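S.K.: Have a look at this one.
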Amino acid sequence: MTTAQTAYTGLKEQAIASYPGDKTLIHVGTASCGLAAGAREVEQAFSREIKKRSLDAEVKEAGCMGFCYTEPLVVIAKPGFAPLVYGGVDEGLVERLVQDFLSGDDPCYEYTLAALEPNDVFPTLEEFPRGVIEQKLLLKNCGMIDPLDINDYIRREGYAALARSLDGDPEKVLEEIKQAYLRGRGGAGFPAGIKWEHCRNTPAEEHYVICNADEGDPGAFMDRSLLESNPHLVIEGMLLAAYAVGANRGYFYIRAEYPLAIERINYALLQARNQGLLGENILGTGFSCQLEVFEGAGAFVCGEATALVRSMEGKPGLPQTRPPRLAECGFRGQPTLLNNVKTFAFVPGIIHHGAGWFKTTGTEENPGTAVFALVGKVNQAGLAEVPMGTDLRTLIFDVGEGIPGNKELKAVQIGGPSGGCLPESALDLPIDFDSLDEAGAIMGSGGLVVMDEDDCMVAVARYFLEFTRQESCGKCTFCRLGTKHMLDIITRITRGEGLPEDLEKLQELAEDVQMGSLCNLGKTAPNPVLTTLRYFREEYRAHIEEGRCPSGMCKDLIAYFILPERCSKLCSACVGSCPTEAIYTRDDGLKAIDQEKCVKCDNCMKACPEEYHAVVKLSPPHKLKEYERM
Amino acid sequence: MELTCQEQEQILEETRKILEEHGDGPEQLIPLLQKLQEKLGYLPGPAMERVAQSLDIPAVDVYELATFYNQFRLHPPGEHQVQVCMGTACYMVGGEIALDSFQRRLDINEGETTPDRKFSLERVACVGCCSLAPVAVVDGQIEKHVTPTRVDGILLEYQGNNCGSASSTGHQPGRDSGKEGKEGE
């Protein structure tokens, strides 16, 4: 056996020995989303109850399984039972589980979400419709392992790919990645192998690797979840990349808005260093690589590679013209390999199982899987990993279980501020790097927002434009001023002050901004406007010509009204809910809204009991007069 | 805002300490400013000037960075920091309504601090808890499903004893308290 392999075998034995085999293990999902839903309280409740009853059980942290809709999630692995997942756990359920399952032998199947291993009693995740479609190459261990425990990762073949590669030629790693045709997961889909080779072949004093974790798209949290749930996977991928391109130094560029991800990566780096998997003379092979975290200071444009590097050098993040590419002249003027978190995270799997394994999933031109943050009006919001080429309909209706409240799907926003809004008719398009182009959207890094009939497309376009206008770095005139003008026009439209010629002007400006911008922020900023103009033009028209917002979302174009014939005189739910005391009781006992005071916060509409359903939104607001007369 | 001599001295002292530890060159500028803000809560003018001096670069270069990146603040934050998420998912289900409600209750605009420095309000672009939308982060704690009613609840919670009743009309919380002490007017 060779050096690295011998060292690794020792580590693995250690990891296996550290596993308390006969103990009940309770994993509480403590990624950001879990914590927000109350995972910390759940974890403490378990510890408390276990201590109280002096049970032989251990509470551990785990990452995110992707089922955001039913956090906090808990996995209980009790010897003699298949590991079971419980969703929506609160302190009451903790007590029940400890009493019935941990102390007794009743797993409380009525609360179980799924089992993690095949058994005779309860279906596994793979047996649910969602599990049939999903294929977890990347997220496989997320939620199953403790992100704070390197042994958990090593026990599951973690760092095996690194150990094997370090004994061989770096070329072999590069060759495998090229063979696998791994495409960059940051959004552009550039073949990683070509980039790596380019970087490797550029002679220089020093090479650098940088992991782009500046995930700035609003509504996207794939990278955060991965970093928080399985930090060692990304670290191993970075090390393999560093070995392949001949780099001895690397950086995680993580945005400061992700404190937990930063904390966990830092902790994981420390552990890896202590185990001899990072730093000088890794696994005794003479290969050295230092990795550290650079905290991004919050600028969306720094997701662009050249801007990111500038900001690491202590300058404002302004994109630069390319070429030269970063692979030739990047950080500190040296050849730099920059890839997205997910790209690096695919590497250990590809090296471990081989390029063939990777290519069995997805399509020929787009092998592997794609991870989506499925959010918005969808029943099972969360992270989903599906093979490349899966169509949007499958993703939304089979994986996401459709739209809540039997509403109609109106649009899918894919790719964040650089992407577009696609209508129902585009749902059968396969999702990969190439196919959405024609429809005017991009796959992007994986944000996917589902919208229903209550969402106004003009307001959505305005929202994204406001974002890009604010985040434009100001270097290119068209991006800086063009987006501002577009925003002014579209804001006017949402206020009902649009002019008939506005649509044409918007279209023209959008095309100019696309052409006149250097980086992809500006080049893609008009996409949300262009796609909504293309597919939802009638909504723009309704705003301009009738002063009406068909979805009732644009505040200036709606008014709230309480229908006297539906209002119950005996109920005051709406009165109490109003934050501005705009709702009053009329002499005849019915409720009414003082329009002067109303701030259109939607509270009364939500508060009005379903059986009355008396509060309605009227658009355009002058309809109010008709209703009042009736 | 003017700083008292004492405050100024304190700021310079902290800046000196941080520069000693981390001031290795202009490349360290962002981490340096991050450390400074972590310590002082914001980036006061004198601190930025001292940093420029120490790194031997024009002060405007430091100011350029401080205004380019969203993370940096040029004014002291409130005792409690309210961040309203404006990610896509939050926006779709009423993020703006939540922001409006905070603005109305605190009687300030986003990016501002209440005159008593109790609360500061800002919008952030997605904290990644989209399934709990709309979301607000108060002092690092994530608050889910933030409706106008919940906004009142949150503010009452953080106002402590300043406001006795649990009515929903708590305008301009704690205006009368905590005026002296921190402020250097």
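S.K.: Considering only Cα-Cα distances, which of the following residue pairs are longer than 28 Å: A:Lys410/A:Lys523; A:Lys12/A:Lys342; A:Lys484/A:Lys623; A:Lys484/A:Lys606? It would help to have the intermediate numbers written out before the result.
M.R.: On the way: A:Lys410/A:Lys523 26 Å; A:Lys12/A:Lys342 25 Å; A:Lys484/A:Lys623 33 Å; A:Lys484/A:Lys606 35 Å.
Over 28 Å Cα-Cα: A:Lys484/A:Lys623; A:Lys484/A:Lys606.
S.K.: Using only the alpha-carbon atoms of the protein assembly as shown as identical scatterers, what base-10 log of I(q)/I(0) does the Debye formula give at q = 0.06, 0.08 Å⁻¹?
M.R.: Debye curve over Cα of the protein assembly as shown, log10 I(q)/I(0) at q = 0.06, 0.08 Å⁻¹: -0.41, -0.74.
S.K.: Could you count how many Lys pairs in chain B have their Cα atoms under 14 Å apart, skipping same-chain pairs fewer than 8 positions apart?
M.R.: Numbers: B:Lys17/B:Lys35; B:Lys17/B:Lys39; B:Lys118/B:Lys179; B:Lys118/B:Lys182.
The result is 4.
S.K.: Ok, one more. Where the eigenvalues come from the Cα gyration tensor of region A:100-186, what are the semi-axes √(5λ) of the equivalent ellipsoid, largest first, in whole Å? List each step's numbers first, then the result.
M.R.: Values: eigenvalues 262, 68, 21 Å².
Listed largest to smallest, the semi-axes of region A:100-186 are 36, 18, 10 Å.
S.K.: Considering the dipole of chain B built from charges on the beta carbon (Lys and Arg +1, Asp and Glu -1) around the Cα centre, which of B:Gly94, B:Ala59, B:Gly25 is farthest to its positive end?
M.R.: Going by the charge dipole, the pick is B:Gly94.
S.K.: Carbon and sulfur: what percent of region A:346-400's accessible surface (1.4 Å probe)? Display every interim value, and only then the final one.
M.R.: On the way: 700 of 1510 Å².
The nonpolar share, carbon plus sulfur, comes to 46 percent.
S.K.: At 1.4 Å probe size, with every protein chain present, just tell me what the per residue accessible area of the protein assembly as shown comes to in Å². Display every interim value, and only then the final one.
M.R.: Values: 32860 Å² over 815 residues.
Value returned for the protein assembly as shown: 40 Å² of accessible area per residue.
S.K.: Let me ask another. With +1 on each Lys and Arg Cβ and -1 on each Asp and Glu Cβ, and nothing else charged, work out how big the dipole of chain A is about its Cα centre, in Debye to the nearest 20.
M.R.: Result for chain A is approximately 1240 debye, rounded to the nearest 20.
S.K.: Something else: List the residues of region A:273-299 for which accessible area in the full set of protein chains is at least 30 Å² lower than for the chain on its own; 1.4 Å probe, protein heavy atoms only.
M.R.: At a threshold of 30 Å² (probe 1.4 Å), the residues of region A:273-299 that become less exposed are A:Phe294, A:Glu295, A:Ala297, A:Gly298.
S.K.: Could you work out the Kirkwood radius for region A:193-237, taking every pair of different alpha carbons, averaging 1/r and inverting it, reported in Å?
M.R.: Working: mean 1/r = 0.0778 Å⁻¹.
In region A:193-237 this quantity evaluates to 12.8 Å.
S.K.: What per residue convex hull volume, in Å³, comes out for region A:307-373 when only alpha-carbon positions are used? It would help to have the intermediate numbers written out before the result.
M.R.: Working: hull volume 9.5 nm³, N = 67.
Once divided by residue count, the hull of region A:307-373 is 142 Å³.
S.K.: So, one more: Tell me, what are the semi-axes, in whole angstrom and largest first, of the equivalent ellipsoid of region A:160-230 as set by the roots of 5 times the Cα gyration tensor eigenvalues? Kindly include the intermediate steps, with their values, before the conclusion.
M.R.: Working: eigenvalues 128, 51, 35 Å².
They are 25, 16, 13 Å, listed from largest to smallest.
S.K.: Tell me whether chain B comes out rounded, prolate or oblate; compute the Cα gyration tensor, take square roots of the eigenvalues as a ≥ b ≥ c, and use a/c under 1.5 as the rounded threshold.
M.R.: oblate
S.K.: Mind checking Rg over Rh on region A:71-216, alpha carbons, Kirkwood formula for Rh? Intermediate values should be presented prior to the final figure.
M.R.: Numbers: Rg = 21.4 Å, Rh = 19.3 Å.
Result for region A:71-216 is an Rg/Rh of 1.11.
S.K.: Something else: May I ask for the percentage of alpha-carbon pairs in region A:399-509 that lie more than 21 Å from each other? Please report the intermediate quantities before stating the final value.
M.R.: Working: 2774 of 6105 pairs.
Here the long-distance tail beyond 21 Å is 45 percent of all Cα pairs in region A:399-509.
S.K.: Given a 1.4 angstrom probe, I'd like the percentage of the accessible area of region A:1-131 that is carbon and sulfur, rounded to a whole number.
M.R.: On the way: 2940 of 5840 Å².
Carbon and sulfur atoms account for 50 percent of the accessible area of region A:1-131.
S.K.: Run the accessible area of region A:246-286 with a 1.4 Å probe and give the carbon-and-sulfur part as a rounded percent.
M.R.: Details: 680 of 1530 Å².
C and S fraction of accessible area: 45 percent.
S.K.: Next question, about the same structure. Which residues of region B:85-99 show a drop of at least 40 Å² in accessible area when all protein chains are present, compared with their chain alone (probe radius 1.4 Å, heavy atoms only, ligands and nucleic acids excluded)?
M.R.: B:Thr88, B:Tyr91, B:Met92, B:Ile97
S.K.: Can you give the Rg to Rh ratio of region A:175-327, both from alpha-carbon atoms, with Rh computed by the Kirkwood formula? Please report the intermediate quantities before stating the final value.
M.R.: Values: Rg = 15.2 Å, Rh = 16.1 Å.
Value, to two decimals: 0.94.
S.K.: In region A:9-43, what residues drop by 30 Å² or more in accessible surface going from the chain by itself to the full protein assembly, probe 1.4 Å?
M.R.: When all protein chains are present, A:Ala36, A:Ala37 each give up 30 Å² or more of accessible surface.
S.K.: Return P(r) of region A:447-551 (all Cα-Cα pairs; 10 Å bins starting at 0; whole %; ordered from short to long distances).
M.R.: 16, 50, 29, 5
S.K.: Work out the charge dipole of chain A with +1 on the Cβ of Lys and Arg and -1 on the Cβ of Asp and Glu about the Cα centre, then indicate which of A:Val341, A:Gly131, A:Pro324 is farthest towards its positive end.
M.R.: It is A:Pro324.
S.K.: If you take the accessible area of B alone plus A alone and subtract the pair, what total do you get in square angstrom, rounded to 100, with a 1.4 Å probe? The partial results should precede the final answer.
M.R.: Working: alone 10700 and 25880 Å², together 32860 Å².
Chains B and A together bury approximately 3700 Å².
S.K.: Probe 1.4 Å, all protein chains in place: accessible area of A:Ser32 in Å², nearest 10?
M.R.: 20
The values are calculated or read from the model by the stated rules, or taken from the named source; none is laboratory data. Note that this is a predicted model, so its numbers are computed, not measured. Here Cβ is always computed from backbone atoms with ideal geometry, including for glycine, and neighbour counts include all displayed protein chains. Ligands, DNA and RNA are excluded from the accessible area calculation, which covers all protein heavy atoms including side chains. Shrake-Rupley method; radii C 1.70, N 1.55, O 1.52, S 1.80 Å.
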